[in-house]
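One structure below.
Nothing in this text is a laboratory measurement; each read-out follows from the coordinates by a stated rule. Note that the coordinates shown come from a computational prediction; the quantities given were computed from them, not determined experimentally. Note that each Cβ is placed from the backbone with ideal geometry, even for glycine, and that neighbours are counted across all protein chains shown.
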Amino acid sequence: MASNLVPERPLVFSPTLAATIGLDEAILLQVLMDFAAHRPGQLQDQYRWVEIADQELQQALPFWKLADIRRVEASLRNLGMILRRSDNGADSSYLYALNEKVSQGQRASTAASKPVSEPAKQPAARVFRHGAAASSITADWTPDEEWLVQCRHHNIPDEFSLSLVPEFVSYWRDRGEARFSWGNAFFSHVRRRWREEQTRQGARELSSSMHRDWRPSMDALEILVNAGIAQDF
């Protein structure tokens, strides 16, 4: 159904994939795939690399800042779904590739416009492989170290993250759903719980009563004096 309310071609992505790896990740992956489908690629080590500038990504995703794009891109790389390398040292242009090797038939049709230097090797992703089947969570499931590292990047301590494993496993075993990446689902669960915990802590601090012996710190008094307010006020 056509509408003047939609001035441009809408983004289309897989709902199933979004439920598996995250909505942001599914959107960015589809945008990268769209770029790859409409421009010549560079074949190196059986991967098809496509040059995409930061400006192009920002134009395609105007609702995100570049920092948001970098965050989601890093998540896709941690999932093992994409590869990225600098384009001959350029600060605002990169070479991207889907983390799946090109078949013999695809190689014949790939336009290699310029040579690509040896890409940095990435470990085979344990959390997602192209063509792998989704699986239910096991009773003894624990997050891989890479997901704990992601949590640490958000200043979430391991003790807090690991304390959520039993409730996470119990919830998803009861639901009986299958996913490609339980690590990504756990990471999202931990971030949500951490935000809730921070909100609760903030509320407790605001609601705590002031002790009768409370006195302002010297820094606070100095700020008042600098503002022209007498200390005996």
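Roughly what would the spin-label model give for residue 138 and residue 67, points 7 Å off Cα along C-beta, in nm?
Placing both labels 7 Å along Cα→Cβ, they lie 3.9 nm apart.
Any idea which of 13, 49, 69 is furthest toward the positive side of the dipole for the stretch 9-101, if Lys and Arg beta-carbons carry +1 and Asp and Glu beta-carbons -1?
13
Compute, for the stretch 9-101, the length of the dipole vector about the Cα centre, with Cβ point charges of +1 (Lys, Arg) and -1 (Asp, Glu) only. Units Debye, rounded to 20.
With Lys and Arg at +1 and Asp and Glu at -1, about 100 debye.
Please compute the net charge surrounding residue 13, taking Lys and Arg as +1 and Asp and Glu as -1 over other residues with Cβ under 14 Å from its Cβ.
-2
Could you put 172, 182 in order, starting from the residue whose Cβ has the fewest other Cβ atoms within 10 Å?
Fewest-to-most Cβ neighbours within 10 Å comes out as 172, 182.
Bin all alpha-carbon pair distances of the stretch 133-206 at 5 Å intervals from 0 and give each bin's fraction as a whole percent.
Calculated over all Cα pairs of the stretch 133-206, the distribution is 3, 15, 27, 22, 16, 10, 4, 2, 1, 0 percent.
Rounded to the nearest 0.05, what FRET efficiency do residue 34 and residue 85 have when you use their Cβ-Cβ distance and R0 = 22 Å?
It comes out at approximately 0.65.
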